[in-house]
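Student: Structure below; questions to follow.
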Amino acid sequence: MLLHGASAHAYARATHRVVDDVAARLATVEQPWSGTSRPELAALVDAVDLDGPGTGTDEALRETAELYATHAVWFHDPAYAAHLNCPVAIPAVAAEAMLAAINTSVDTYDQSTVATLMERRLVEWTNARIGFGGGDGVFTSGGTQSNLHALLAARERALAAPDGSRLHGVARHGLQDRLRILTTGSSHFSVAKSAMILGLSDDAVVTVGTDDDGRMDPGALAAALATTERAGDVVMAVVATAGTTDRGLVDPLGAIADLADATGAWLHVDAAYGGGLLLSRTRRHLLDGIERARSVTVDFHKTFFQPVSASAVLVREPADLARTAWYADYLNPASEADGAEEINQVDRSLQTTRRFDALKLWATLRAVGADGIGEMVDAVCDLAAAVHRDLAGDPELHVVSPTDLSTVLFRYQPDGVTAARSDALVARVRRVLFDSGRASVARTVVDGRPCLKLTLLNPTVTLADVRRVLGLVRDAAHGILAGQALMDDAPPCRDVHPRLDRAGGHLATGDQR
Ligand SMILES: *Cc1c(COP(=O)(O)O)cnc(C)c1O
């Protein structure tokens, strides 16, 4: 059962069977997911006897695929357009099989050897793409951890004594209460969550104003910097976003860097979404100024088409990451911290045991080249631009925000449908599509009003595919409104819950299910 020399054949057999099964499913999947109801799924999950005798590898994997793969959400499906999930690069998936079997932990050199060197090479490569002359960094589980780590590093710098040592006791806590993070209301929620985890005060996150589109307004940032200083508070970090999660907007990094430089503030650029622009030959300029950040978050599992998880936190000054290091005699003794003998990535990480996610990016870069990834990023941005153009003047679907990347925020509101009714439709349309399994779109709130969201992260999707999804949105909205009209006419005695008919795309009311 365990993987070793004598079981190599059993390993190959089990893995090939799984691969063949997934390949067969990929070839036949026709919609993002099965649409099976949650009670039905819960019953299937609960029916499995986890305390029973083992069934053997073949049967266990067959049963597991039947449960999981049959009902999973397939991000590669053209009608999946909800969140920041991408179809994954084949070399990366194959590399995932390699790293899973070898099971390297990239914490200390003696557990990882060449893997540590490969990860460090990719950190250097990413830093060179950013434009840091040197720097340091480490792979993480995702943008959330990357942001947390960057803000931890910023906190440690803010809480360092003049000689660079850590402040302690009352001096530390008094100062920590006055630390502020300046960012817009569109920055990722992990920024505010990090402030909570880092023990900052409840009002640590200061919201900076934006321009009409939603990008950080440098004038508002200048004012917020001045106000913070006047109040006797300390700017721990300015967080700019290169690709906001909802609108896909890039804050004006150069102007923000000017202000950060002038005040000595730590600039963190959250490029979890927009990081792929580093490889774009047509849109790289959107990231101009990112090289002036002190820390950067990049999510390879978004715009680099990597399987979850793959992200990195990068810093311009190696000392900034070193401030967050912790040493243990059994693992990474402080005497080795200079890296002369062995280089231990655990010094740089919030994790200890850690996956060798870098291998996936390595294999992908070698397979398609950096330009190849950049072209895929451009393809999804071009597609979003085409959808925005397509919807201009649409009588029913109104785009509510521009994008620099690949999201489409829109609302169903034809003439005669009130704003309140349009708002109420958002959650119901999403639900009808999701329940049908035929399309997955997201919903969010922009400028205080709900709207629907497409996140386009599949470079093989065409405008026709997106039009089909938008057709399902229209069908769902028409069906819900028709159901409501029915209820307006009749005494409100039946619960009208429209669903998309699986085969047709026509709507059936709940009692016809
Ligand atoms: C997705 C995202 C994150 C969080 O990244 P995870 O990998 O999901 O943890 C952070 N910031 C931005 C701007 C994001 O879009």
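Student: Search the range 255-287 for residues being within 12 Å of the ligand (Cβ to nearest atom), among the hydrophobic types (A, V, I, L, M, F, W, C) and assigned to a strand (DSSP E or B), and hand back the single one that is surrounded by the most Cβ atoms within 10 Å (Cβ to Cβ).
Tutor: V269
Student: For the range 257-271, give me each residue that is touching a Leu at 6+ places or on another chain (Cβ under 8 Å) and either among the small types (G, A, S) or not assigned by TED's automatic domain parsing to the domain that holds L225 (or both).
Tutor: If the condition is that a residue be touching a Leu at 6+ places or on another chain (Cβ under 8 Å) and either among the small types (G, A, S) or not assigned by TED's automatic domain parsing to the domain that holds L225 (or both), then A257, A260, A265, A271 are the ones that fit.
Student: Tell me, which helices (runs of 4 or more DSSP H) lie completely within the range 145-254 with 2 or more residues that are within 20 Å of T444 (Cβ to Cβ)? Lay out the reasoning, then the answer.
Tutor: On the way: elements: 169-176, 189-197, 218-230.
Counting at least 2 such residues, we get 189-197.
Student: Any residue at all in the range 101-119 that is closer than 30 Å to G248 by Cβ and either among the hydroxyl-bearing types (S, T, Y) or within 16 Å of the ligand (Cβ to nearest atom) (or both)?
Tutor: No.
Student: Could you pull out the residue among A82, A14 that is touching a Ser or Thr at 6+ places or on another chain (Cβ under 8 Å) and either among the aromatic types (F, W, Y) or within 26 Å of T303 (Cα to Cα) (or both)?
Tutor: A82 is the lone residue from the list that is touching a Ser or Thr at 6+ places or on another chain (Cβ under 8 Å) and either among the aromatic types (F, W, Y) or within 26 Å of T303 (Cα to Cα) (or both).
Student: Additional query: Only one of A325, A319, A334, A310 is of a type in the set (A, V, I, L, M, F, W, C), closer than 25 Å to F356 by Cα, in contact with a helix residue (DSSP H, G or I) (Cβ under 6 Å, 6 or more places away or on another chain) and more than 16 Å from the ligand (Cβ to nearest atom). Can you tell me which?
Tutor: Values: A319 fails: in contact with a helix residue (DSSP H, G or I) (Cβ under 6 Å, 6 or more places away or on another chain); A334 fails: in contact with a helix residue (DSSP H, G or I) (Cβ under 6 Å, 6 or more places away or on another chain); A310 fails: more than 16 Å from the ligand (Cβ to nearest atom).
It is A325.
Per-residue answers, yes or no, for (1) outside the structural domain of E317 (by TED's automatic domain parsing); (2) modelled with pLDDT of 95 or more; (3) of a type in the set (S, T, Y); (4) within 19 Å of the chain's Cα centre (by Cα):
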{"residue": "G135", "(1), (2), (3), (4)": "no, yes, no, no"}
{"residue": "T144", "(1), (2), (3), (4)": "no, yes, yes, yes"}
{"residue": "S165", "(1), (2), (3), (4)": "no, no, yes, no"}
{"residue": "H168", "(1), (2), (3), (4)": "no, no, no, no"}
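Student: Hey, can you tell me all the residues within the range 60-93 that are away from the ligand (no atom under 15 Å from the Cβ) and of a type in the set (G, A, S)?
Tutor: Residues satisfying the conditions are A60, A65, A69, A72, A79, A81, A89, A92.
Rundown of residues vs (1) farther than 16 Å from F300 by Cβ; (2) of a type in the set (A, V, I, L, M); (3) surrounded by 18 or more Cβ atoms within 10 Å (Cβ to Cβ), yes/no style:
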residue	(1), (2), (3)
F356	no, no, yes
D371	yes, no, no
H398	yes, no, no
A420	yes, yes, no
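Student: Just checking, how many residues over the range 285-302 are free of Cβ contacts under 8 Å to residues at least 40 places away in the same chain and in contact with a helix residue (DSSP H, G or I) (Cβ under 8 Å, 6 or more places away or on another chain)?
Tutor: 3
Student: For the range 397-406, which positions are in contact with a Cys (Cβ under 7 Å, 6 or more places away or on another chain) and either part of a loop (DSSP other than H, G, I, E, B) or not assigned by TED's automatic domain parsing to the domain that holds D447 (or both)?
Tutor: L405, S406, listed by residue number.
Student: So how many residues does the range 373-396 have that are outside any helix (DSSP H, G or I) and either at pLDDT 95 or above or surrounded by 17 or more Cβ atoms within 10 Å (Cβ to Cβ) (or both)?
Tutor: 4
Student: Looking at the range 288-302, which of its residues are over 18 Å from the mean Cα position of the chain (by Cα) and either within 10 Å of the ligand (Cβ to nearest atom) or surrounded by fewer than 24 Cβ atoms within 10 Å (Cβ to Cβ) (or both)?
Tutor: D288, G289, E291, R292
The values are calculated or read from the model by the stated rules, or taken from the named source; none is laboratory data. Here the structure is a predicted model, which means the values were calculated and not measured. FYI the Cβ positions are ideal-geometry reconstructions off the backbone, even for glycines, and counts take in every protein chain you see.
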